[in-house]
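Peer 1: Dumping the structure here so I can ask a few things about it.
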Amino acid sequence: MRRFGANFDPQWPEWEPFYGALAEEIRQQQLLPDHLGRDIVVTHACYSRVVRDALRSELPGIEFVVLDVPASLLQRRKTERFEQEAQRSGMTLKQYVMQHPHLKAAGATFAERMARITDASIACDPVAQAEPDTCAVEVSAATPPHEVTAMAATCLGHVPRPRSADGGIEW
């Protein structure tokens, strides 16, 4: 299995089983009575234009929002998420990282595994000018999560309405 990173160049055949299953799950969700005629949001990073194009062929009408986040911010937020998960599990960050089953291939030491977690070279292919149904949202350290959600909704043609003082939104 190839590792994500600076030289990551996925080919569709390597990813087809995963994304084929994801596309099928989305199709099944669209058929549920509560979802008929409604938009469905799937949060997932499609790093490559190859993957986005393949999903477009599987799911006509699919739209993508690509978040453009500085590497330093990605590193900090990834570390914060792992610290929170460790705390919820009653472990130190080091204990959590060393026992995490998906990180065993990332290295034997804590430092190697943390380097993998915070690998900022894992970035999405930029949105091309002619790329259909895809928009980019720039995120900075000053952008709160609810604002990212609002920008993504606007990008997709939805108009979020403020719900409360905490910045939450409703559709």
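Yes or no, residue by residue, for (1) more than 28 Å from Met114 (Cα to Cα); (2) hydroxyl-bearing (Ser, Thr, Tyr):
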{"site": "Tyr19", "(1), (2)": "no, yes"}
{"site": "Val42", "(1), (2)": "no, no"}
{"site": "Tyr47", "(1), (2)": "no, yes"}
{"site": "Glu58", "(1), (2)": "yes, no"}
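Peer 1: Within region 58-75, is there a residue that is under 16 Å from the mean Cα position of the chain (by Cα) and among the acidic types (Asp, Glu)? Reasoning before the result, please.
Peer 2: In the first step, residues of region 58-75 are kept if they are under 16 Å from the mean Cα position of the chain (by Cα); the result is 62-71, 73-75.
Narrowing the set further to residues that are among the acidic types (Asp, Glu) leaves 63, 68.
Yes.
Peer 1: Would you pick out the residues in region 40-59 that are free of Cβ contacts under 8 Å to residues at least 40 places away in the same chain and either touching a Ser or Thr at 6+ places or on another chain (Cβ under 6 Å) or under 23 Å from Ala153 (Cβ atoms) (or both)?
Peer 2: If we filter region 40-59 for residues that are free of Cβ contacts under 8 Å to residues at least 40 places away in the same chain, which is where we start, we get 40-44, 53, 55, 57-59.
Within region 40-59, Ile40, Val41, Val42, Thr43, His44, Leu55, Leu59 qualify.
Quick note: the coordinates plus some simple rules give every number you see, no bench work behind them. Fair warning: this is a prediction, and the values are worked out from it, not measured in the lab. As a convention, Cβ positions derive from the backbone with ideal geometry for all residues, glycine included, and neighbour counts pool all protein chains shown.
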